[in-house]
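Trainee: Just passing along the structure, written as structure tokens.
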Amino acid sequence: MNTAKIDRLGVLMAQISDLSKEANEIKSALKDMGKGVVEGNLFRAIVVEQERTTYDTDILKLVAAPEILELARRESVQMQVRVTARRVS
């Protein structure tokens, strides 16, 4: 593989990083506004809340009894932003 492709990959990865940071800042601002729909000229953002349960795998490795599963269970609420293209009539 030629060195130009490696350099191009590095540039692309840096751009993706910068764009991801900007996108995450916008998503954070949307989440701060709370659940709902926000309309743009071209896109619509929908902020939803989802509950999530996870398990502590270190505890599960020790024992898998149902009582222990309950002790290892962790619940959290997460906000997500979904963006879809708007239909233009």
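Trainee: What do you reckon, is LEU19 of a type in the set (A, V, I, L, M, F, W, C), more than 19 Å from the chain's Cα centre (by Cα) and in a helix (DSSP H, G or I)?
Mentor: No.
Trainee: Search region 34-61 for residues being closer than 16 Å to SER76 by Cα and acidic (Asp, Glu), and hand back the single one that is surrounded by the fewest Cβ atoms within 10 Å (Cβ to Cβ).
Mentor: GLU51
Trainee: To continue, here is another question. With the checklist (1) part of a helix (DSSP H, G or I); (2) within 22 Å of the chain's Cα centre (by Cα) in hand, flag the one item GLU75 doesn't pass.
Mentor: (1)
Trainee: Still on this model: All but one of (1) more than 30 Å from SER89 (Cβ to Cβ); (2) not assigned by TED's automatic domain parsing to the domain that holds VAL77 hold for ILE26, so report the exception by its number.
Mentor: So ILE26 meets the others, but not (1).
Trainee: Every residue in region 22-54 that is farther than 16 Å from VAL81 by Cα and in a strand (DSSP E or B), please.
Mentor: The answer is THR53, THR54.
Trainee: If you don't mind, another one. Just for region 51-80: of the residues that are closer than 19 Å to ALA23 by Cβ and out of contact with any helix residue (DSSP H, G or I) (no Cβ under 6 Å at 6 or more places or on another chain), which one is modelled with the highest pLDDT?
Mentor: It comes out as GLN78.
Trainee: Kindly provide the set of residues from region 62-89 that are touching a residue at least 40 places away in the same chain (Cβ under 8 Å) and either of a type in the set (Lys, Arg) or surrounded by 10 or more Cβ atoms within 10 Å (Cβ to Cβ) (or both), ordered by number.
Mentor: MET79, VAL81, VAL83, ARG86
The values are calculated or read from the model by the stated rules, or taken from the named source; none is laboratory data. Just so you know, these numbers come straight off a predicted model, no measurement behind them. Methodologically, a virtual Cβ is constructed for each residue, glycine included, from the backbone with ideal geometry; neighbour enumeration extends over all protein chains shown.
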